[in-house]
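Below is one structure, written out as structure tokens, with a few remarks after it.
The values are calculated or read from the model by the stated rules, or taken from the named source; none is laboratory data. The structure presented is a predicted model; accordingly, all values stated were derived computationally and were not measured. Positions of Cβ are backbone-derived with ideal geometry, glycine not excepted, and every protein chain shown enters the neighbour counts.
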Amino acid sequence: MFFTYKNTALFAPEQYGFQPCCFHLATPEQIDKAIGVGGCGPGGIGDYFVPDTMYGLNIKRACMIHDWMYHYGVSEPDKELSDSIFLNNMIRIIRANTKSLFLKMLRLKRARTYYSSVKYFGGPAFWDSKNEPGTMAEIQTVIRGLS
């Protein structure tokens, strides 16, 4: 399903993980409840290092869809799909809203950096709150017992 933002059709899947509905039909209150204020950074001081804009172009909605998908995803393929859709949505926003070839090149390079960051380092954010309490402690105990 597509969601229009900045004259750009962004993709947000209708059926995904265990979501109650879909991002494009969710109210602002439902989005806030699922992902908080949303945005591109990890929250707190990390938001200063990962801005919601790429050289003046706001990509926050692509980040919000990505956060929504991370919140409702339940498996590694869900994470991979989330990350791929994130890159796709950033590219859609950049192509539709950038006339300068040089600026487009810079923004696309930044989009690839954002994508690589979530692909390789987004695991803890994706799996946060999905493990039952004590699960990681049990796994660490088993690992210690093996060594």
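Residues in segment 105-118 that are more than 17 Å from N58 (Cβ to Cβ) and either buried (at least 19 other Cβ atoms within 10 Å of the Cβ) or over 15 Å from the mean Cα position of the chain (by Cα) (or both): M105, K109, Y115, V118. R92 fulfils the conditions (1) more than 22 Å from W127 (Cα to Cα); (2) without any contact (Cβ under 8 Å) to a residue 60 or more places away in the chain except for a single criterion, (2). In the set (1) at pLDDT 90 or above; (2) among the hydrophobic types (A, V, I, L, M, F, W, C); (3) surrounded by 16 or more Cβ atoms within 10 Å (Cβ to Cβ), F102 fails one condition alone, (3).
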